[in-house]
Amino acid sequence: MSDQHSTLGVFRPAWAEIDSNALAHNVRSIIDLVHPAELCAVVKADGYGHSAVVVAEEVLRAGATRLAVALVEEGLALREAGITAPILVLSEPSNRGMRAAIQAQITPTLYSAQGVVSAREAAAANGQAVAVHLKIDTGMHRVGADPQDVLSLATAILDGDDLLLEGIWTHFSVADDPDDPYTAIQIALFDATVQALREFGITAPIHHLANSAGALAHPGSRRDWVRCGIALYGYLPESSLVPSSQVSLAPVLSLKAQVAFVRPLDAGERPSYGRITELKEAGDVAVVPIGYADGVPRNLGRCGGEVLIRGRRRKIIGNVTMDQIMVECGTTGEVVVGDEVVLLGYQGTDEITAQEWATKVGTIVYEILCAIGPRVPRVVIPISAS
Ligand SMILES: *Cc1c(COP(=O)(O)O)cnc(C)c1O
């Protein structure tokens, strides 16, 4: 956390707990499943909202061998935190980003002629051969080289001694639906492209295709590495996804707060902006100091969202506001200022998951996790002895 935020959590009781035990458990489960493939842990977007540095240190301890990020900036932040493990950037850096990445020994992905030139120049300036990964677009159609251009790009990479072609990779667009034949088509196109390079004597020691969905549900896509993000954090990419064999994942992040204010309201009152929901019965309404600026979806209450207080589910009433939510607490006096509020995670035997929020508000679990904002302090639960 940066210094300007060092008082976060001191005065406002709202925080996220990052459970190192769950993270290590998930890493081991994934490694058991994909072995002998290596686990490249995807820690972009601040480790899907979990704190990239915390996650990186823990997953490397638990057996991941390398990291991947979306931005050069994210890789540099890991290096500044003292992380020395290999880091792959998943998109081709800009000219200036390329120089910064290569200076910091962060591996760039390449897929354009211009990218190859800028990587070569950066490597030459650095005076050291640099490993690069060539990305093929096999159908996601976001970034990556057209299969037709792969031979000329690979040839350009290998022209001279500055660049080493360490990896060739691709990315899936529908691997979270195991019944969709498109993933097999992408794998076949990848294999055909790699084979065509081999016929020109061009090979790379490392191939990687699988995201979490590929790693969990498409065993044929587990090659030298798997690039897992969401599974590390304890969630399936898609709630209905059935892994190829039993795999146990535990959510890593809990979102908690304390009740800040309680007041009795009459039946018929409509708390919060827009007056969208009417209290059916008189009772206490608790105010919890966390809102959409912290990542609680604005429409969560409208969509049936609940929180746990004193071991019971209680409805979020009305619109979530920027900094606060209101919760229907029934009988007067049952909930008091200072009570623990679990927005995500366990309280007693009940659990609210980020998947539950995602399903309710009509998005994917990724968006829920990434949205948990920088204003929420992350509290790391250390590995316990047991
Ligand atoms: C984000 C990302 C991943 C990780 O995806 P998950 O579904 O979270 O496992 C892997 N590869 C690329 C290229 C990505 O952008």
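The values are calculated or read from the model by the stated rules, or taken from the named source; none is laboratory data. These numbers come from a predicted model, not from an experiment. Here the Cβ positions follow ideal geometry from the backbone for every residue, glycine too, while neighbour counts run over all protein chains shown. Please note that ligands, DNA and RNA were not included when accessible areas were found on the heavy atoms of the full protein model with its side chains. Shrake-Rupley method; radii C 1.70, N 1.55, O 1.52, S 1.80 Å.
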> Residues that are small (Gly, Ala, Ser) and under 30 Å from residue 194 (Cβ atoms): which strands (runs of 3 or more DSSP E) entirely in the stretch 217-288 hold 2 or more of them?
Replying inline: none
> When the stretch 59-90 is examined, which residues are found to be open to solvent by 10 Å² or more (accessible area, probe 1.4 Å), within 15 Å of the ligand (Cβ to nearest atom) and assigned to a helix (DSSP H, G or I)?
Replying inline: 72, 74
>> Looking at the stretch 180-200 only, could you name the residues that are surrounded by fewer than 24 Cβ atoms within 10 Å (Cβ to Cβ) and within 13 Å of the ligand (Cβ to nearest atom)?
In response: none
>> Please go through (1) more than 8 Å from the ligand (Cβ to nearest atom); (2) in the same structural domain as residue 60 (by TED's automatic domain parsing); (3) within 14 Å of residue 26 (Cα to Cα) for residue 229 and return the number of the only condition it doesn't satisfy.
In response: (1)
>> Let me confirm something: among 341, 376, 296, which residue is within 26 Å of the chain's Cα centre (by Cα), assigned to a strand (DSSP E or B) and not assigned by TED's automatic domain parsing to the domain that holds residue 53?
In response: 341
> Quick one: how many residues across the stretch 348-383 are open to solvent by less than 20 Å² (accessible area, probe 1.4 Å) and either among the aliphatic types (A, V, I, L, M) or farther than 23 Å from residue 302 by Cα (or both)?
Replying inline: 9
>> Would you confirm, using the coordinates I've provided, whether residue 378 is closer than 30 Å to residue 62 by Cα and of a type in the set (Lys, Arg)?
In response: yes
> residue 222 fails exactly one of the following numbered conditions: (1) within 16 Å of the ligand (Cβ to nearest atom); (2) closer than 29 Å to residue 355 by Cα; (3) in contact with a His (Cβ under 8 Å, 6 or more places away or on another chain). What is the number of that condition?
Replying inline: (3)
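Residue by residue, here is whether (1) free of Cβ contacts under 8 Å to residues at least 40 places away in the same chain; (2) hydroxyl-bearing (Ser, Thr, Tyr) holds:
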| position | (1), (2) |
| --- | --- |
| 173 | yes, yes |
| 184 | yes, no |
| 223 | no, no |
| 232 | no, no |
| 235 | no, yes |
>> Of all residues being open to solvent by 10 Å² or more (accessible area, probe 1.4 Å) and within 13 Å of the ligand (Cβ to nearest atom) in the stretch 201-219, which is nearest to residue 20 (Cα to Cα)? Just the residue, please.
In response: 211
> So how many residues does the stretch 171-215 have that are farther than 16 Å from residue 153 by Cα, in a helix (DSSP H, G or I), out of contact with any His (no Cβ under 6 Å at 6 or more places or on another chain) and β-branched (Val, Ile, Thr)?
Replying inline: 2
> Taking the stretch 175-186 on its own, how many of its residues are hydrophobic (A, V, I, L, M, F, W, C) and either touching a Ser or Thr at 6+ places or on another chain (Cβ under 6 Å) or not assigned by TED's automatic domain parsing to the domain that holds residue 223 (or both)?
Replying inline: 1
>> Please determine whether any residue of the stretch 151-169 is open to solvent by 10 Å² or more (accessible area, probe 1.4 Å), under 30 Å from residue 80 (Cα atoms), within 16 Å of the ligand (Cβ to nearest atom) and not charged (D, E, K, R).
In response: no
>> Just the residues that are under 14 Å from residue 237 (Cβ atoms) and out of contact with any Gly (no Cβ under 9 Å at 6 or more places or on another chain), please, taken from the stretch 360-370.
In response: 363, 364, 365, 367
>> Please go through the stretch 38-55 and give me each residue that is near the ligand (Cβ under 10 Å from one of its atoms), buried (at least 24 other Cβ atoms within 10 Å of the Cβ) and part of a helix (DSSP H, G or I), ordered by number.
In response: 48
